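One structure is given below, encoded as C-alpha cells.
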Amino acid sequence: MEWSQSGRDALLGDLRSFLDHERWDDIAILLDDYFFALSFAAPEAVFEVWERAPREWLQEHPRYLMARGLTRKAWRSSALTEHRIERIFADWVASQEHPMARDVLGVKTAEIRRLLAFGRIEEALGAVAEVQELIRTTRDHDGFDDVLGSVLMRMGLTFVAGGELERAVEAFSEGWRWSRSTLPHPIAPYLAGHCALAHALAGDFAHAEEWLARSVEDASEDPRTMAFHLQKAAALSRTLIAVARLDRAEAEASLAAHADGIDDGDLWWVEAHARARIDLYWGDGARSARLIERALAAYPSATAPASLPGMLLRADLSDILQHRGDLDRAGAVLEPVEIVDAHASAVTAQARLLMHRKRAGDALSLLDKASARRRTPAVVPARWLVIRANAAHLLERPSVVEVVRLAADRIASTGAHDAVHEAMPEVRAAIDERMPSAEAAVAEAAAADAAALPEGASALTRRERQMLDLMRTHASVRDLAGALFISANTAKSHLRNLYRKLGATGREDALRRAGY
C-alpha cells in the first residue's frame, strides 16, 4: 500500500499553484498536513518552498521556520538543527495559551536530538517518556497523521542509543503501523528498515529479514533529503543479516554499495560494528580495531560506556583483541561497561574472556546474572547459549547436551548462524549435528553459482543472482531497479559487477553465459 501517484500529483499541483500566486496562507495549511510526507515523496517541492518563502513570513510563523531548519539539517547531513531556530520555535510554542500537541511534540523531539548528541541518554529517555505520555493522553490529534511517524522514529532511535532494543522495535513498528493507516505515509518503509535494524542488533535476524521485506533500498540518491539518510538503516540491516548468515560476499557487497552517507547520520557506529564483524570473521581485525579506537577517542559523548554504540564498539574491539591473543587489553576495553546490564555482545565478550582465563564457572555465573536482568529474560541470545555450552563442556556438566540443543534451536529460530563462531570444536560438532551449517549452505550456493558460470568467473552475490533472474523478464535498468526497490544507479552497479564476473558484454550475453 503506497500513497497514490494521483493523490501526490494533485497535492503538488495545488502547491505549485499556491507558489505561483504567492498564496502563503494556503501553503501554510498544506504544510501543516503534509510537510513530512512531501519531504519523503517530493523533496524538490519542499526545497522550492524554502527557496521562495519570504523571510517575514517565516519569522511570523516559527513552525515553518523550524520545518525549514529540519530540511536544512538533511542538506548538511548534520545531527542537529540550529539551536537559535529551535529556541525561537520553543519560545513561540511556550507563549501560546493552548499550544497544539504536534508543536509540543516538535519541541520535545528537538530536545531529544540535542540530548543524544551530547551523550545524555538518560535525560533523552526521560524526554521520550514525556512524549509517550503526551501521545497517550492528548485529544488534540491535529497534524498527527503527518508528524507521528517522525516522532516515533526519533523515539526508537533514542531507545536504540540506550540499548533498549525491545522498546525500539515497539516504537518503530508502532510508527510503521500508524503511517500505513494514514496516506499511507511515505515514511513507513523507512520505519520498517529501522525496525529490521533493531531486530538485527538484538540478534534476531529472522525477524529482521521479515521487516526488511517491508522496507526500501535506495529510494533517494540525493544526500540533501531525509530519505537518503533514513534508508541507510535497511542497508545496514541487510549487511548484518548477511554477516549472521556467514555470507561474506553478500555482506561486503551490501556494505560497499551503501557506504556513502552512513557516516554522516545517527547510525555511523553500526557501520563500524558491521565492518568489525566482517574483519573478525574473515580478516585479521587490525583495521577495524584502529577505527574503533579512534572513534571511541574522537566521539566520547556518542560512545559513552552506558550507550549501545559505546557497548557494542567496545565489545567488538575486545573480541578482536581476544582473537589476537591480547587478553589484558581486551579486558581493559570492557572495564568501563557495566557488564551485567550491557548489550548481549558485551556480556558475550566478557564471558568469553573469563573462559580464556580458565574461569568457566565465573562465565556461567555472569551469564546467569545478565539473563536475570534482561527486560525479556525468556529471549536468550544464541551467542550466550553457545558460550554456556562451552562452559558446561569444560566443567563436564551433564547439562551440556540440553544447552547444545537450546543453542541449535535458538540459532535456527533467530538466524544467528554466526554464533557458531563462539563454539569450541566439540560444541561446534554437536551443534552441526542438530542443524545445517550456514557456512555449508553459503558454500553450496556459491558452488552452484560457479557451476552455472563460465570457467574462471567469480561466484555471484545474492543480489546479483536476483538481478540475473529478473533480467529474463525486465529489459531496462529502470524496470530492474523498480522490481528490486533500488535506485537506477545501484542497479547499474550490480549489473557492472555481474557482467564483469560473467565476462559478458551486455544483457543477452549475460543470460546466455549463465545458461538462461
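The values are calculated or read from the model by the stated rules, or taken from the named source; none is laboratory data. As the structure is a computational prediction, the values presented were derived from the model and not from experiment. Note: ideal-geometry Cβ built from the backbone for every residue, glycine included; neighbour counts use all protein chains shown. The protein model used for the area step is the full one, side chains on, heavy atoms only, and it has no ligands, DNA or RNA in it. Shrake-Rupley method; radii C 1.70, N 1.55, O 1.52, S 1.80 Å.
Of the candidates ASP266, ASP222, ASP218, ASP279, the single residue that is touching a residue at least 12 places away in the same chain (Cβ under 8 Å), acidic (Asp, Glu) and within 22 Å of THR348 (Cα to Cα) is ASP279.
For region 148-158, the criterion of a residue being in a loop (DSSP other than H, G, I, E, B), in contact with a Ser or Thr (Cβ under 8 Å, 6 or more places away or on another chain) and not small (Gly, Ala, Ser) is satisfied by no position. Give the number of residues within region 500-512 that are under 13 Å from THR461 (Cα atoms) and touching a helix residue (DSSP H, G or I) at 6+ places or on another chain (Cβ under 6 Å). Total satisfying the criteria: 1. Annotation note: Cβ proximity below 7 Å between a residue of region 143-172 that is under 22 Å from LEU183 (Cα atoms) and a residue that is acidic (Asp, Glu) and open to solvent by 20 Å² or more (accessible area, probe 1.4 Å) (sequence gap 6+ or interchain) occurs for GLY143/ASP32; GLY143/ASP33; ASP146/ASP33; LEU152/GLU174. Looking only at residues of region 466-486 that are surrounded by fewer than 18 Cβ atoms within 10 Å (Cβ to Cβ) and assigned to a loop (DSSP other than H, G, I, E, B), we find that the one that is nearest to the chain's Cα centre (by Cα) is PHE485.
In the condition set (1) outside any loop (DSSP other than H, G, I, E, B); (2) surrounded by 24 or more Cβ atoms within 10 Å (Cβ to Cβ), HIS185 is compliant with all but (1).
Restricted to region 410-438, and to residues there that are without any contact (Cβ under 8 Å) to a residue 24 or more places away in the chain and part of a helix (DSSP H, G or I), the residue that is nearest to the chain's Cα centre (by Cα) is ALA412.
Annotation note: Cβ proximity below 7 Å between a residue of region 81-94 that is open to solvent by 20 Å² or more (accessible area, probe 1.4 Å) and a residue that is of a type outside the set (Gly, Ala, Ser) (sequence gap 6+ or interchain) occurs for ILE88/PRO62; ILE88/LEU65; TRP92/PRO62.
Residue-wise test of (1) open to solvent by less than 10 Å² (accessible area, probe 1.4 Å); (2) not hydrophobic (A, V, I, L, M, F, W, C).
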position: ASN390; (1), (2): yes, yes
position: GLU396; (1), (2): no, yes
position: VAL403; (1), (2): no, no
position: ASP418; (1), (2): no, yes
position: HIS421; (1), (2): no, yes
position: VAL427; (1), (2): yes, no
position: ALA430; (1), (2): no, no
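Among residues of region 13-37 that are more than 23 Å from THR225 (Cβ to Cβ) and of a type outside the set (A, V, I, L, M, F, W, C), those with a beta-carbon under 6 Å from a residue that is at pLDDT 95 or above and surrounded by 15 or more Cβ atoms within 10 Å (Cβ to Cβ) at least six positions away or on a different chain give the pairs ASP26/PHE18. For region 312-335, name all the residues that are under 21 Å from ARG374 (Cβ atoms) and open to solvent by 10 Å² or more (accessible area, probe 1.4 Å). Of everything in region 312-335, just one residue is under 21 Å from ARG374 (Cβ atoms) and open to solvent by 10 Å² or more (accessible area, probe 1.4 Å), namely ARG314.
One residue alone among SER150, SER220 is of a type outside the set (Asp, Glu) and either open to solvent by less than 10 Å² (accessible area, probe 1.4 Å) or within 30 Å of HIS98 (Cβ to Cβ) (or both), and that residue is SER150.
Scanning region 101-147 for residues that are buried (at least 19 other Cβ atoms within 10 Å of the Cβ) and part of a loop (DSSP other than H, G, I, E, B) yields GLY119, GLY143.
From the list ARG383, ARG357, the lone residue that is in contact (Cβ under 8 Å) with a residue 24 or more places away in the chain, crowded, with 24+ Cβ neighbours inside 10 Å and under 26 Å from ARG314 (Cα atoms) is ARG383.
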